[in-house]
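Each remark here refers to the structure printed beneath this line.
The values are calculated or read from the model by the stated rules, or taken from the named source; none is laboratory data. If you're wondering where the values come from, they're calculated on a predicted model, not measured in any experiment. Glycine also receives a Cβ, built like all others from the backbone with ideal geometry; neighbour counts cover every protein chain displayed.
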Amino acid sequence: QTGRTFQDRSYVFKVQNKPASVPAGATITNLGVRGRRGNIVQSYPAVEYDFTPTISKCSPGDYLHIQLHGSDFNAQRNANNGEGWEYSDRHNLVQMSERGMNYPMHHSKFDMFST
(Lines give C-alpha, C1' and ligand atoms only; values in the text may rest on other atoms or scores of the structure.)
Protein backbone atom coordinates (compact mmCIF):
# COMPACT_ATOMS: atom_id res chain seq x y z
CA GLN A 1 0.00 0.00 0.00
CA THR A 2 1.13 3.52 -0.66
CA GLY A 3 0.06 6.86 0.69
CA ARG A 4 -0.69 5.59 4.19
CA THR A 5 1.26 6.16 7.39
CA PHE A 6 1.45 3.52 10.11
CA GLN A 7 2.84 3.74 13.62
CA ASP A 8 6.40 2.55 13.96
CA ARG A 9 6.17 -0.33 16.42
CA SER A 10 9.61 -1.69 15.71
CA TYR A 11 12.13 -2.45 18.41
CA VAL A 12 15.88 -2.77 18.17
CA PHE A 13 17.52 -5.50 20.21
CA LYS A 14 20.78 -7.38 20.24
CA VAL A 15 21.06 -11.16 20.36
CA GLN A 16 24.12 -12.34 22.22
CA ASN A 17 25.81 -15.69 22.63
CA LYS A 18 25.07 -17.70 25.76
CA PRO A 19 27.34 -16.82 28.66
CA ALA A 20 30.18 -19.28 29.16
CA SER A 21 28.60 -20.36 32.46
CA VAL A 22 25.51 -21.76 30.65
CA PRO A 23 26.02 -25.36 29.45
CA ALA A 24 25.95 -25.86 25.66
CA GLY A 25 22.85 -28.11 25.71
CA ALA A 26 20.89 -26.06 28.24
CA THR A 27 17.30 -25.08 27.50
CA ILE A 28 16.66 -21.34 27.63
CA THR A 29 13.03 -20.17 27.53
CA ASN A 30 12.34 -16.56 26.60
CA LEU A 31 9.42 -15.19 28.65
CA GLY A 32 8.02 -11.97 27.23
CA VAL A 33 4.92 -9.86 27.58
CA ARG A 34 2.55 -8.61 24.92
CA GLY A 35 -0.45 -6.30 24.90
CA ARG A 36 -1.27 -3.11 26.66
CA ARG A 37 -2.88 -1.86 29.85
CA GLY A 38 -6.65 -1.87 30.18
CA ASN A 39 -9.50 -4.27 29.63
CA ILE A 40 -10.33 -5.77 26.25
CA VAL A 41 -12.32 -2.71 25.14
CA GLN A 42 -9.72 -0.19 26.32
CA SER A 43 -6.77 -2.01 24.78
CA TYR A 44 -8.40 -2.63 21.39
CA PRO A 45 -7.02 -3.10 18.75
CA ALA A 46 -4.20 -4.58 20.84
CA VAL A 47 -4.81 -7.26 23.47
CA GLU A 48 -4.84 -7.16 27.26
CA TYR A 49 -1.51 -7.94 28.86
CA ASP A 50 -0.47 -11.55 28.53
CA PHE A 51 2.75 -13.47 28.88
CA THR A 52 4.22 -15.25 25.91
CA PRO A 53 4.51 -18.16 25.86
CA THR A 54 1.22 -18.37 27.74
CA ILE A 55 2.19 -21.69 29.33
CA SER A 56 5.82 -22.47 30.02
CA LYS A 57 7.17 -25.51 31.82
CA CYS A 58 10.72 -25.36 33.09
CA SER A 59 12.66 -28.21 34.60
CA PRO A 60 15.55 -28.01 37.08
CA GLY A 61 18.62 -26.91 35.15
CA ASP A 62 16.61 -24.92 32.58
CA TYR A 63 17.07 -21.19 32.21
CA LEU A 64 14.33 -18.56 32.04
CA HIS A 65 15.12 -15.29 30.26
CA ILE A 66 12.55 -12.73 31.37
CA GLN A 67 11.87 -9.72 29.14
CA LEU A 68 9.35 -7.24 30.51
CA HIS A 69 8.73 -3.79 29.11
CA GLY A 70 6.48 -0.99 30.16
CA SER A 71 5.83 2.68 29.77
CA ASP A 72 5.53 5.64 32.09
CA PHE A 73 3.34 7.30 29.49
CA ASN A 74 0.54 5.04 28.31
CA ALA A 75 -1.78 7.06 26.08
CA GLN A 76 -5.14 7.79 27.66
CA ARG A 77 -7.86 5.89 25.77
CA ASN A 78 -11.32 5.48 27.24
CA ALA A 79 -9.87 6.94 30.43
CA ASN A 80 -7.44 3.99 30.41
CA ASN A 81 -8.77 3.21 33.85
CA GLY A 82 -6.66 0.26 34.82
CA GLU A 83 -5.36 0.33 38.37
CA GLY A 84 -2.44 2.55 39.26
CA TRP A 85 -1.24 5.91 38.02
CA GLU A 86 -3.28 6.86 34.96
CA TYR A 87 -0.47 6.65 32.39
CA SER A 88 1.76 3.93 33.82
CA ASP A 89 1.91 0.19 33.55
CA ARG A 90 3.79 -2.42 35.54
CA HIS A 91 4.30 -6.17 35.57
CA ASN A 92 4.60 -8.59 38.46
CA LEU A 93 5.67 -12.20 38.64
CA VAL A 94 4.20 -14.41 41.34
CA GLN A 95 4.38 -18.14 41.93
CA MET A 96 1.09 -20.02 42.02
CA SER A 97 0.51 -23.57 43.23
CA GLU A 98 -1.89 -24.45 40.38
CA ARG A 99 -2.63 -22.93 36.98
CA GLY A 100 -6.32 -22.48 37.80
CA MET A 101 -5.66 -20.66 41.07
CA ASN A 102 -6.08 -16.91 40.92
CA TYR A 103 -3.87 -15.96 43.84
CA PRO A 104 -0.19 -16.35 44.68
CA MET A 105 1.35 -19.18 46.65
CA HIS A 106 2.21 -18.43 50.29
CA HIS A 107 5.67 -16.86 50.48
CA SER A 108 6.97 -19.64 52.75
CA LYS A 109 6.55 -22.10 49.84
CA PHE A 110 8.22 -20.05 47.08
CA ASP A 111 10.84 -21.98 45.15
CA MET A 112 10.56 -20.28 41.75
CA PHE A 113 13.97 -18.65 41.96
CA SER A 114 15.80 -21.11 44.17
CA THR A 115 19.06 -22.46 42.80
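Before moving on, here are some points about what is shown:
- Filtered residue count, the stretch 98-107, keeping only those that are at pLDDT below 85 and either surrounded by 10 or more Cβ atoms within 10 Å (Cβ to Cβ) or of a type in the set (A, V, I, L, M) (or both): 1
- Meeting the requirement of 1 or more residues that are modelled with pLDDT under 85, the strands (runs of 3 or more DSSP E) wholly within the stretch 1-95 are 28-34, 50-52.
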